[in-house]
Amino acid sequence: MTKFSPLSEFQATGDGHYQLAPFRFSPLDNERYVITNQAGEYSVQPRSVVAALVRHELKPSDSAYSRLRSKHFLFDSSSTIGPVMLATKVRTKAKRLANFTALHIMVMSLRCEHSCPYCQVSRQSEDRSAFDMTKETAEKALGLIFQSPSPAIKIEFQGGEPLLNFDLIRFVVEKAESINEVEKRSLQFVITTNLAVVTNQIFEYCKEHDILISTSLDGPAKLHNANRPRPGKNSYELAIEGIHRARAALGHERVSALMTTTKASLGMGREIIDEYVRMHFPGIFLRPLSPYGFAVKTKWYASYDTESWVDFYFDGLEYIIELNRRGTPFIEFYASTILTKMLTPFEPDYVDLMSPAGIGISAVVYNYDGDVYASDEARMLAEMGDKSFRLGNVHRNTYAEIFTSDALLDPIEQSFAGSAPMCSECAFEPFCGSEPVFHKATQDDFVGLKTRSSFCYRNMAIFKRLIGLMEEDPSIRELFMGWTR
Ligand code: SF4
């Protein structure tokens, strides 16, 4: 069985008036369909128009005709550069593949003085330094990092709490800077930290070496402290103080924060957003829990269903739109990523929404023990006993062995959304991703049955809502244009 209609379906009809370009269509509601082309441009049309388009029955005088021609759904004798433009847009979207891995995550230590029950890493208590990366492992990892052809290299220090192994961070930063004197890449460092153990000396060092800080902020004090237990029960107070100190030392825009939605967050979406506005963050990423590590062991992952999270997300989105209309510039970052795909020719670098999957290609993880994983989620899955995405080890494998391993290529090939069941026929495929790690974790399969996939449910609901909002109110489309990156 072929996946494509015969060539004759696409060719101009006898009267010669138009030729179809490949496109996909999915219902938006009972009346309307979303149609998308290969470059991710979309149009919303009544069912009757889609049916007429497919049958070559649209007339140049029909109002939809020129709109569909300008978005490369059909070509006629006046479309002299249409196919070339479409091809250029498709190439622009796929450009990231040529650069290969830009984000290199180094796990400095699994130790942490927090004991968050939703933690996706199987953290170790503060004194077990057997779970720290060594200098030898870090040096080997750096050797691999600079073999990436990417002109931009971002090294992100993660944990556990990476600042518990700060001496190694210093070693890596200085070694990478020295290698880069010859390599001349665009080199950037990020420390992902809960800010509980940060000192002024560390901030001074970050300033000197232009290091960004990424921290966690789950919302107001009560929620944050309940989500993120630590000795002293003061995670929130330390995070807020740390954000202020980090901004004073490094500059306001050098500090970002991430939240995770727990069951307790579900009724507090607007308060969480208010907390981010109060702290003068430019936006928020409303993130669901992920099915890895402690979040699964403690059953926190199963504490709410996807439908509840989607309701939480939509209420937050509505509130952020209201804030924008009242003059507070603020964005939701997940929507911003999707809108960039929908409204611009560019492809944002977000590993979860990529096909071919972004694992290994956009990001890779060097674990504390030298094992190399295809993504952060992949090493979390390994901590749970499933090492399917372990690509090799910095001490034993070469760059070529790691990045051409079956452990990387098989899931990328199998999960490619353009040919995966259901995704290959879904109009939202250009905005979506293939997420083999998520589907391996939840369905023990790189592709997964999408009718049972909460990844699919959540994303399809968001794609439809964003498009629906833009269709209903042109001013929201204008507002969303300002959210694109
Ligand atoms: S995961 Fe779901 S929403 Fe995404 S492309 Fe596949 S079918 Fe469409």
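Residues in region 453-472: is at least one within 16 Å of the ligand (Cβ to nearest atom), in a loop (DSSP other than H, G, I, E, B) and out of contact with any Gly (no Cβ under 9 Å at 6 or more places or on another chain)? Yes, region 453-472 has at least one match. Please work out which residue is nearest to Val34 (Cα to Cα), limiting yourself to region 454-474 and to residues that are under 17 Å from the mean Cα position of the chain (by Cα) and among the small types (Gly, Ala, Ser). Step by step, filter region 454-474, then rank; the result is Ala461. Looking only at region 384-411, residues that are under 19 Å from Ala94 (Cα atoms) and open to solvent by 20 Å² or more (accessible area, probe 1.4 Å) come to 1 in all. Screening Ile272 against (1) without any contact (Cβ under 8 Å) to a residue 60 or more places away in the chain; (2) surrounded by fewer than 19 Cβ atoms within 10 Å (Cβ to Cβ); (3) in contact with a strand residue (DSSP E or B) (Cβ under 9 Å, 6 or more places away or on another chain) leaves a single unmet condition, (2).
Looking only at residues in region 432-449 that are open to solvent by less than 20 Å² (accessible area, probe 1.4 Å) and of a type in the set (Gly, Ala, Ser), the one that is nearest to Ile467 (Cα to Cα) is Gly433. Residues in region 421-431 that are open to solvent by 40 Å² or more (accessible area, probe 1.4 Å) and within 7 Å of the ligand (Cβ to nearest atom): Met422 alone. Per the listing Phe463, Phe446, the residue uniquely of a type outside the set (D, E, K, R) and closer than 21 Å to Phe333 by Cα is Phe463.
Against the numbered list (1) touching a Leu at 6+ places or on another chain (Cβ under 6 Å); (2) crowded, with 18+ Cβ neighbours inside 10 Å, Ile361 comes up short only at (1). Residues that are at pLDDT 95 or above and exposed (fewer than 15 other Cβ atoms within 10 Å of the Cβ) were ranked within region 241-269; the one that is nearest to the chain's Cα centre (by Cα) is Leu258. Arg96 meets the conditions (1) closer than 13 Å to Gln38 by Cα; (2) among the charged types (D, E, K, R); (3) in contact with an Asp or Glu (Cβ under 6 Å, 6 or more places away or on another chain) in every case but one. The failed one is (1). Do you know which residues across region 432-445 are hydrophobic (A, V, I, L, M, F, W, C) and more than 8 Å from the ligand (Cβ to nearest atom)? Scanning region 432-445 gives Val437, Phe438, Ala441. Scanning region 343-352 for any residue that is closer than 23 Å to Asp445 by Cα, of a type in the set (D, E, K, R) and under 17 Å from the mean Cα position of the chain (by Cα) turns up at least one such residue. Candidates in region 473-485 are the residues that are open to solvent by less than 60 Å² (accessible area, probe 1.4 Å) and not in a loop (DSSP other than H, G, I, E, B); of these, the one that is farthest from the ligand (Cβ to nearest atom) is Ser475.
Against the numbered list (1) within 22 Å of the chain's Cα centre (by Cα); (2) farther than 23 Å from Pro282 by Cα; (3) buried (at least 17 other Cβ atoms within 10 Å of the Cβ), Thr215 comes up short only at (2).
Note on region 31-73: among residues that are within 19 Å of Asp473 (Cα to Cα) and exposed (fewer than 13 other Cβ atoms within 10 Å of the Cβ), the one that is modelled with the lowest pLDDT is Glu31.
The values are calculated or read from the model by the stated rules, or taken from the named source; none is laboratory data. Bear in mind that the values here come from a model prediction, so they are computed numbers and not experimental data. Don't worry about glycine lacking a Cβ; one is built from the backbone with ideal geometry, like all the others, and counts go over all protein chains shown. Protein only, heavy atoms only, side chains kept; ligands, DNA and RNA dropped before computing areas. Shrake-Rupley method; radii C 1.70, N 1.55, O 1.52, S 1.80 Å.
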